[in-house]
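Colleague: Below is a structure I'd like to ask you about.
The values are calculated or read from the model by the stated rules, or taken from the named source; none is laboratory data. Because the structure is predicted, anything quoted here is derived from the model rather than measured. Please note: Cβ atoms are built from the backbone with ideal geometry, for glycine as well, and neighbour counts cover all protein chains shown.
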Amino acid sequence: MNHLIMKNNITDKKPKYLTRLNQVPELSQEEREQLEPVNDKFIFRSNDYYNSLIDWNDPKDPIRKIIIPEVQELEEWGQLDASNEEQYTRAKGLEHKYDSTALLLVNEVCAAYCRFCFRKRLFMDDNEEVTKDISEGLAYIREHPEINNVLLTGGDPLIMSTSKLEPIIRQLREVEHVRIIRIGTKIPAFNPMRIYNDESLREMFRQYSTGQKRIYVMAHFNHPRELTPEAVRGLEFLLQAGAIVINQTPMIAGVNDDPEVLGRLFNELSYIGVPPYYVFHCRPTLGNKPYTMPVEKAYEIFERARIVGSGLAKRARFVMSHQTGKIEVVGLTEKNIYFRYQRAADNRNSARFMVFRRNADAYWFDDYTELVDDGCAFEDVSHEDSWELDDFMNAF
Ligand code: SF4
């Protein structure tokens with residue numbers, strides 16, 4: 001049944017998971033045979049609710065592009081861990097890159113697998129970056145008072161039962177200096193029923209998302225068509241339970257690389273009360289060539305999308321999650337492109353501003369090689385010992 005025509009008939013039905021391409025009858029035998037080697041390399045997983053959002057008559061359907069493998073993923077392009085996340089692993093299952101923020105990778109499963117995932121390495125057999133035993137990670141967090149917010153991620157923490165998730169949240173709440181807990185999740189898009197069918201989840205948010213210690217849900221909607229009545233109900237449930245919900249999305253070729261589509265996503269989210277937060281440029285992750293595009297093209301789409309929104313809808317920032325930090329693209333002129341560190345792994349780069357000559361073929365920050373100017377104009381945060389140009393360029 002197509003959920004697009006179920007406007008007022010919201011389902012409670014638990015979705016059926018699909019882990020084999022032969023469970024997708026809409027694919028022809030020939031397509032399945034072509035896609036099997038892709039599935040062998042980068043695992044496929046979806047469910048019947050999410051697949052029902054696909055218009056199978058449209059080979060370029062954006063929801064299809066999010067979830068159904070493409071042969072082009074086999075092109076040898078990119079690296080498995082493009083931002084070198086593993087380098088910031090400080091304890092089993094814990095990454096600490098920015099002073100105030102720690103990541104706990106609490107599981108390696110998602111409700112479905114986005115084809116463009118930058119963490120696809122976690123879904124592979126020999127990965128050891130994720131742990132279900134968070135005791136080491138918790139001990140690290142307790143010993144680091146500068147950590148005031150912890151992001152639960154993976155995989156998708158909300159795929160865990162509330163009875164497994166609640167003890168993690170409870171133990172984090174017992175750490176005085178952890179003020180914000182974030183949950184990175186695509187469950188509101190992939191399986192919103194998991195949210196509104198679970199009263200114990202409502203209780204968990206009510207108990208632990210309190211006046212001065214909030215739980216933020218970092219939702220992951222890529223396209224306005226994912227905002228079905230079920231998804232909106234799931235988001236309402238979270239908001240009413242006391243969670244703060246914001247949205248972040250990569251810009252994905254064939255999904256939201258259109259100012260009208262991205263602008264509509266921003267607007268629809270703002271109507272629901274879910275502000276757009278980050279729009280990520282796709283990392284150069286192995287197999288992701290069909291989902292990415294040059295940086296300058298993506299930035300132009302992002303800016304054009306912001307033009308159509310109200311102030312509330314245009315709060316998103318366009319960033320690259322680079323090995324050295326979150327680098328925001330803040331402007332383009334005829335000759336130059338302007339970057340600023342939004343978050344820096346090395347504090348000497350905090351708020352650092354960089355001007356490079358434009359490069360229409362750049363797919364990532366590292367492809368910019370002609371530095372025109374850099375630094376920080378404010379004396380109190382100027383970096384006397386900031387990296388020299390050569391150090392800076394050699395660091396990559
Ligand atoms: S929900 Fe996030 S972690 Fe899971 S497959 Fe999609 S992008 Fe990757």
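Colleague: Restricting to the range 278-329, what's the tally of residues that are part of a strand (DSSP E or B), among the hydroxyl-bearing types (S, T, Y) and closer than 18 Å to A344 by Cα?
Modeller: Residues meeting the conditions: 2.
Colleague: Follow-up question, since we're still on this one. Give me the residue from the range 196-217 that is closer than 15 Å to I244 by Cα and in contact with a Phe, Trp or Tyr (Cβ under 7 Å, 6 or more places away or on another chain) and, out of that set, surrounded by the most Cβ atoms within 10 Å (Cβ to Cβ).
Modeller: Applying the filter and picking the extreme gives I215.
Colleague: Are any of the residues in the range 356-373 closer than 23 Å to V217 by Cα and under 22 Å from the mean Cα position of the chain (by Cα)? I'd like the intermediate steps shown before the answer.
Modeller: Going through the range 356-373, the residues closer than 23 Å to V217 by Cα turn out to be none.
Among the residues of the range 356-373, not one is closer than 23 Å to V217 by Cα and under 22 Å from the mean Cα position of the chain (by Cα), which makes the answer no.
Colleague: Scanning the range 45-80 for residues that are closer than 20 Å to H223 by Cα and among the hydrophobic types (A, V, I, L, M, F, W, C), which turns out surrounded by the most Cβ atoms within 10 Å (Cβ to Cβ)?
Modeller: Initial filter on the range 45-80 (closer than 20 Å to H223 by Cα): 45-70.
From the residues that got through so far, the ones that are among the hydrophobic types (A, V, I, L, M, F, W, C) too are 53-54, 56, 63, 66-68.
Numbers: L53: 21, I54: 22, W56: 15, I63: 22, I66: 28, I67: 21, I68: 21.
Checked the range 45-80; the qualifying residue surrounded by the most Cβ atoms within 10 Å (Cβ to Cβ) is I66.
Colleague: Which pairs turn up if I take residues in the range 254-267 that are small (G, A, S) and look for partners that are modelled with pLDDT under 95 with beta carbon separation below 6 Å, at least 6 apart in sequence or on another chain?
Modeller: Every condition considered, the pairs that remain are G263/V308; G263/G309.
Colleague: Need pairs with beta-carbon distance below 8 Å; first residue of a type in the set (D, E, K, R) and within the range 294-305, second in a helix (DSSP H, G or I); sequence gap 6+ or separate chains.
Modeller: Going by the 8 Å Cβ cut-off, the qualifying pairs are R304/P259; R304/G263.
Colleague: Does at least one position in the range 6-25 carry a residue that is in contact (Cβ under 8 Å) with a residue 12 or more places away in the chain, more than 30 Å from F365 (Cα to Cα) and assigned to a helix (DSSP H, G or I)?
Modeller: Yes, the conditions are met somewhere in the range 6-25.
Colleague: Taking only the range 275-292 into account, find how many residues are of a type in the set (F, W, Y) and surrounded by 23 or more Cβ atoms within 10 Å (Cβ to Cβ).
Modeller: Within the range 275-292, the subset of a type in the set (F, W, Y) is 277-278, 280, 291.
Keeping just the survivors that are surrounded by 23 or more Cβ atoms within 10 Å (Cβ to Cβ) gives 291.
Residues flagged as of a type in the set (F, W, Y) and surrounded by 23 or more Cβ atoms within 10 Å (Cβ to Cβ) within the range 275-292 amount to 1.
Colleague: Would you mind stating whether L35 is surrounded by 15 or more Cβ atoms within 10 Å (Cβ to Cβ), assigned to a loop (DSSP other than H, G, I, E, B) and more than 14 Å from the ligand (Cβ to nearest atom)?
Modeller: So L35 does not fit the description; no.
Colleague: Looking only at the range 145-187, filter to residues that are among the charged types (D, E, K, R) and in a helix (DSSP H, G or I); which one of those is nearest to the ligand (Cβ to nearest atom)?
Modeller: Keep residues of the range 145-187 that are among the charged types (D, E, K, R), which gives 146, 156, 164, 166, 170, 173-174, 176, 179, 182, 186.
Applying the additional criterion that residues be in a helix (DSSP H, G or I) yields 164, 166, 170, 173.
Details: K164: 17, E166: 21, R170: 24, R173: 24 Å.
Filtering first and then ranking leaves K164.
Colleague: Does N222 satisfy being within 16 Å of the ligand (Cβ to nearest atom), among the polar types (S, T, N, Q) and touching a His at 6+ places or on another chain (Cβ under 6 Å)? Let's see the steps before the verdict.
Modeller: On the way: within 16 Å of the ligand (Cβ to nearest atom): yes; among the polar types (S, T, N, Q): yes; touching a His at 6+ places or on another chain (Cβ under 6 Å): no.
Criteria not met by N222.
Colleague: Considering L239, L235, L201, which residue is under 18 Å from the mean Cα position of the chain (by Cα) and assigned to a helix (DSSP H, G or I)? If you could, list the steps in order and put the result at the bottom.
Modeller: Numbers: L239 fails: under 18 Å from the mean Cα position of the chain (by Cα); L201 fails: under 18 Å from the mean Cα position of the chain (by Cα).
So the residue among L239, L235, L201 that is under 18 Å from the mean Cα position of the chain (by Cα) and assigned to a helix (DSSP H, G or I) is L235.
Colleague: Starting from residues that are away from the ligand (no atom under 16 Å from the Cβ), assigned to a strand (DSSP E or B) and charged (D, E, K, R), keep the ones in the range 88-142 and report whichever is surrounded by the most Cβ atoms within 10 Å (Cβ to Cβ).
Modeller: Ranking the candidates gives K97 first.
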